[in-house]
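Encoded as structure tokens, the structure appears first; notes follow it.
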């Protein structure tokens, strides 16, 4: 989990459906909300528990909470939903003999049934958090601008409004679709655009490098600037400057290559 980055959506607490809103209001009032490191630790603990017992059930649900300009925002972890979705995705990407060794068929079927039941009852329920290990999908960087950078020492985060993130992903999708329709990033942009469309328009979007921030600092001599580099590359692409776009891409790819190699070694 320390090698995991997160893309999160914080929604205004007041915009949630009444039942869920009351639940998180009680949660906030009780002071149960962890900080980012605490949430990562809680999810790591849940993963360890799940690994040693015959169930994928999650005992507790948590949320990140922030107050900005007097407005309370929450980012529900929806750990149970993400665990079920991860189990399905994990099995889909592996040969059956390997998948069965890690997520037995019976357990996978139970998770699939529970996930289907949850979606039937709450079809609008979507995860507020996306995670990536050892690297960050390029499409995530295109939701932000360099001025969105924030975080205390040792942290690296970008935060923007949902409206800005939607506008940027729409623009990026149009440029990439018109110039490089074959690249995998186009599908990623389209999927993220759909995901962002599920949330209230007054929400906030955050890219948190998590433990990757410190790893990048140790591995690279230059300051991490993937957001700025990809913005430069996108502008070059729009202007027909293929060489400039390729150079910007290579700056980003080179910066993350060592982390990806470290993943392969683990």
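Each value in this text was obtained by applying a stated rule to the coordinates, not by laboratory testing. Bear in mind the structure is a predicted one, so any value in this text is a computation, not a measurement. Counting neighbours? That spans all protein chains shown, and the Cβs are built from the backbone with ideal geometry, glycine included.
In terms of surrounding Cβ atoms within a 10 Å radius of their Cβ, 258, 35 rank from fewest to most as 35, 258. For the stretch 146-266, the equivalent ellipsoid built from the Cα gyration tensor has semi-axes of 24, 21, 14 Å, listed from largest to smallest. Between residue 145 and residue 253, the simple spin-label model (points 7 angstrom out along Cα→Cβ) gives 2.8 nm. Between residue 164 and residue 86, the simple label model (points 7 Å from Cα in the Cβ direction) yields a spacing of 3.0 nm. A straight chain from residue 3 to residue 125 at 0.36 nm per residue would run longer than the Cα-Cα distance by 41.2 nm.
Were the residues from residue 235 through residue 69 laid out at 0.36 nm apart, the gain over their Cα-Cα distance would be 56.5 nm. Between the C-alpha center of the stretch 135-150 and that of the stretch 168-202 there is a gap of 13 Å.
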